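Accompanying notes for the structure given below.
Since every read-out is calculated from the coordinates, none of them should be taken as a lab result. Because the structure is predicted, anything quoted here is derived from the model rather than measured. Every residue, glycine as well, gets a Cβ built from its backbone with ideal geometry; the counts of neighbours run over all protein chains shown.
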Amino acid sequence: MDIFISAYACRDEVREGKPAPDLFLLACERLGLEPKECLAVGDSLLDVKMGNAGGAGLTVGVLTGASTVEDLNGHADIILKRVSEVRPA
């Protein structure tokens, strides 16, 4: 997973948890990138809502968590069956 994850943030490092954008924005800051330059990938609707609230360039919902296609439709830009379908640029 190290080839996919360049930065991350933990709940105890921010004021507000998901779906607030704080975690996503901290990860973007650590990367030195604007949110619109980043991809937000998550396996729950809260993850996708966090990316949207943070202004992610693209949000990806992955169907390996509790959320269903129906949950993610209209929120995620892309919905994938598994995280292994995400490919580095």
Inset, instruction - Return the inverse of the average 1/r over all pairs of distinct C-alpha atoms in segment 11-85, which is the Kirkwood hydrodynamic radius, in Å to one decimal. - result: 12.2 Å
Inset, instruction - Can you tell me the order of 26-37, 59-70, 43-54, 9-20 when each peptide is scored by its average per-residue count of other Cβ atoms within 10 angstrom, highest first? - result: 43-54, 59-70, 26-37, 9-20
Inset, instruction - Compute the acute angle (0 to 90°) between the alpha-carbon long axis of helix 22-31 and the principal axis of greatest extent of the alpha-carbon atoms of the chain; round to the nearest 10°. - result: 70 degrees
Legend entry - Residue-averaged 222 nm ellipticity for the chain, from DSSP H runs of 4+ at -39500 (n - 2.57), nearest 500: -7000 deg cm²/dmol
Inset, instruction - May I ask you to derive the FRET efficiency for N73 and L31 from their Cβ-Cβ distance with R0 = 22 Å, giving the value to the nearest 0.05? - result: 0.20
